[in-house]
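Single-structure report; data block below.
The values are calculated or read from the model by the stated rules, or taken from the named source; none is laboratory data. Here the structure is a predicted model, which is why all the values come from computation and not from measurement. Don't worry about glycine lacking a Cβ; one is built from the backbone with ideal geometry, like all the others, and counts go over all protein chains shown. The protein model used for the area step is the full one, side chains on, heavy atoms only, and it has no ligands, DNA or RNA in it. Shrake-Rupley method; radii C 1.70, N 1.55, O 1.52, S 1.80 Å.
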Amino acid sequence: QAADSKREQFRQYLEKSGVLDMLTKVLVALYEEPEKPDSALDFLKHHLGASAPENPEFEALRLEVAEMKEKYEAVLEENKKLKTKVKVY
């Protein structure tokens, strides 16, 4: 009895917060998809907004940031060397 009560409370919580609606909409979209995707999980992640890290645009930006950090470090090192040379003169 207590387990059923907890289950019902949790269901009501999911319903109030809109989770059930959102999941239903995404599952209906998957059902109505004419060509089923290879990965249903990826489809769900994409439609629920959890796929942002897998977005190719974000990955390209991450790579660009990493490259810029490397260039920044190289410029700092060059700056340090040039300051040393300037002190000598």
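Tabulated data
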quantity	calculated
L27 being hydrophobic (A, V, I, L, M, F, W, C) and either open to solvent by 100 Å² or more (accessible area, probe 1.4 Å) or within 21 Å of the chain's Cα centre (by Cα) (or both)	yes
Residue list for region 1-23, filter: open to solvent by less than 90 Å² (accessible area, probe 1.4 Å) and closer than 16 Å to G49 by Cβ	S17, G18, V19, L23
Residue count, region 45-61 (criterion: surrounded by 11 or more Cβ atoms within 10 Å (Cβ to Cβ) and either modelled with pLDDT of 90 or more or farther than 16 Å from T24 by Cα (or both))	7
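For (1) polar (S, T, N, Q); (2) over 24 Å from the mean Cα position of the chain (by Cα), each residue gets a yes or a no:
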position	(1), (2)
A2	no, yes
S5	yes, yes
R11	no, yes
L14	no, no
L23	no, no
E35	no, yes
L41	no, no
L44	no, no
